[in-house]
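Below: the structure, in structure tokens.
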Amino acid sequence: MSRAEQRMRSFWDDAARANAAWYVDTTLDYENPNMQRFFADGRTIVSDALDRSPVAPGGNASALEIGSGLGRVCVALADRFDRVTGIDISPEMVRRARELVHDPRVMFVVGDGATLGGIGDESMDLVLSFTVFQHIPRVEVIEEYIAEAGRVLRRDGLFVFQWNNGASTWLWRVRRSTLTILQRTGLRPEERRRHAPEFLGSTVALPRIERALKRAGMKIVQTRGLGSLFAWVWAVREA
């Protein structure tokens, strides 16, 4: 694991200890997060990802979530797939997810923050990721996850993910660097560390996403929300 991935793990472990649900979904009340709403929103996310897709996954045997946090999306996926695996860089998030989710169809594993090590080749019908890639500081790591999704998907498997396609990459880096300096020096700290690079993450242009998907043997079948923080892409594995 690189230093950058170690920093990501440390950040999200600390976040999980401080207030796991809120760091997964910052629209919640920090002092009193509504966990019923939290898990209900997991079903909304899955519905948006699958019911609004122009194509269905090639099967319903197995699904994988990248960045599973406390497991709200995995719980919803278990209504549609026989087996669901959630992978997360944070051991603390995984520990808490296992405490919250007791569905035998769902399992959680700790990942290394860049690959899907331990997940077999061509073993998944669906790979899904939501509010994860937007927090990754290095675009190369996002590209590695895309390559790994292509590896673990079966032929005709579906990859659905959300990422930050907002400001230009250059402007985003300048903003991130400025806010990070202000955070680290204490000149203008954000009390919940949302100005850390591990939270601010990256923005990625669509052509770079397209190239990464093509290298991974996938073809885009739909996009939504381009030019925003909540851009989505649907891609099918062809080869």
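Regarding Arg52, is this residue within 30 Å of Arg155 (Cβ to Cβ), surrounded by fewer than 24 Cβ atoms within 10 Å (Cβ to Cβ), among the basic types (Lys, Arg) and at pLDDT below 95?
Considered against the rule, which asks whether it is within 30 Å of Arg155 (Cβ to Cβ), surrounded by fewer than 24 Cβ atoms within 10 Å (Cβ to Cβ), among the basic types (Lys, Arg) and at pLDDT below 95, Arg52 comes out as yes.
So for the range 31-53 (the condition being touching a helix residue (DSSP H, G or I) at 6+ places or on another chain (Cβ under 7 Å) and more than 16 Å from Gly71 (Cβ to Cβ)), does at least one residue qualify? Show your work before the answer.
From the range 31-53, those touching a helix residue (DSSP H, G or I) at 6+ places or on another chain (Cβ under 7 Å) are 33, 35, 38-39, 41-43, 45-46; that's our starting set.
Filter once more, so that each one left must be more than 16 Å from Gly71 (Cβ to Cβ): none.
No, the range 31-53 has no match at all.
Output the number of residues of the range 83-117 satisfying the condition of being among the β-branched types (Val, Ile, Thr) and touching a strand residue (DSSP E or B) at 6+ places or on another chain (Cβ under 6 Å). Give the derivation first.
Filtering the range 83-117 down to residues among the β-branched types (Val, Ile, Thr) leaves 84-85, 87, 89, 94, 101, 106, 109-110, 115.
Now narrow it down to the ones that are touching a strand residue (DSSP E or B) at 6+ places or on another chain (Cβ under 6 Å): 84-85, 87, 94, 106, 109.
So the count comes out to 6.
Results for (1) in contact with a Gly (Cβ under 9 Å, 6 or more places away or on another chain); (2) hydroxyl-bearing (Ser, Thr, Tyr); (3) not in a helix (DSSP H, G or I), shown as yes or no for each residue.
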position	(1), (2), (3)
Ile87	yes, no, yes
Arg95	no, no, no
Gly120	no, no, yes
Asp125	yes, no, yes
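When the range 102-118 is examined, which residues are found to be aliphatic (A, V, I, L, M), assigned to a loop (DSSP other than H, G, I, E, B) and modelled with pLDDT of 95 or more?
Matches in the range 102-118: Leu116 only.
If you scan the range 66-82, which residues turn out to be in contact (Cβ under 8 Å) with a residue 24 or more places away in the chain, touching a strand residue (DSSP E or B) at 6+ places or on another chain (Cβ under 7 Å) and farther than 10 Å from Phe39 by Cβ?
Matches in the range 66-82: Ile66, Gly67, Ser68, Gly69, Cys74, Leu77, Ala78, Phe81.
Those residues that are β-branched (Val, Ile, Thr), in contact with a Leu (Cβ under 6 Å, 6 or more places away or on another chain) and closer than 22 Å to Gln134 by Cα, I need them from the range 47-97; list them, please.
Hit for the range 47-97 is Thr85, nothing else.
Output the residues belonging to the range 119-149 that are crowded, with 22+ Cβ neighbours inside 10 Å and small (Gly, Ala, Ser).
Ser129, Ala149
Could you list, in sequence order, all residues of the range 12-26 that are under 16 Å from Ser68 (Cβ atoms) and either aliphatic (A, V, I, L, M) or touching a strand residue (DSSP E or B) at 6+ places or on another chain (Cβ under 8 Å) (or both)? If you could, list the steps in order and put the result at the bottom.
Our first condition is that a residue be under 16 Å from Ser68 (Cβ atoms); within the range 12-26, this holds for 12-13, 15-16, 20-21, 23-25.
Matches in the range 12-26: Trp12, Ala15, Ala16, Ala20, Ala21, Val24.
Are any of the residues in the range 50-61 part of a helix (DSSP H, G or I), of a type outside the set (A, V, I, L, M) and farther than 16 Å from Asp125 by Cα?
Of all residues in the range 50-61, those part of a helix (DSSP H, G or I) come to 50-51.
Keeping just the survivors that are of a type outside the set (A, V, I, L, M) gives 51.
Checking which are farther than 16 Å from Asp125 by Cα leaves us with none.
Looking through the range 50-61, none of the residues is part of a helix (DSSP H, G or I), of a type outside the set (A, V, I, L, M) and farther than 16 Å from Asp125 by Cα.
Can you tell me which of (1) under 26 Å from Met124 (Cα atoms); (2) at pLDDT 95 or above; (3) aliphatic (A, V, I, L, M) is the one Ala16 doesn't meet?
Of everything listed in (1) under 26 Å from Met124 (Cα atoms); (2) at pLDDT 95 or above; (3) aliphatic (A, V, I, L, M), Ala16 misses just condition (1).
The values are calculated or read from the model by the stated rules, or taken from the named source; none is laboratory data. Predicted, not measured: the structure shown is a model, and the values here were computed from it. Note that we place each Cβ from the backbone using ideal geometry, even for glycine, and neighbour counts take in every protein chain shown.
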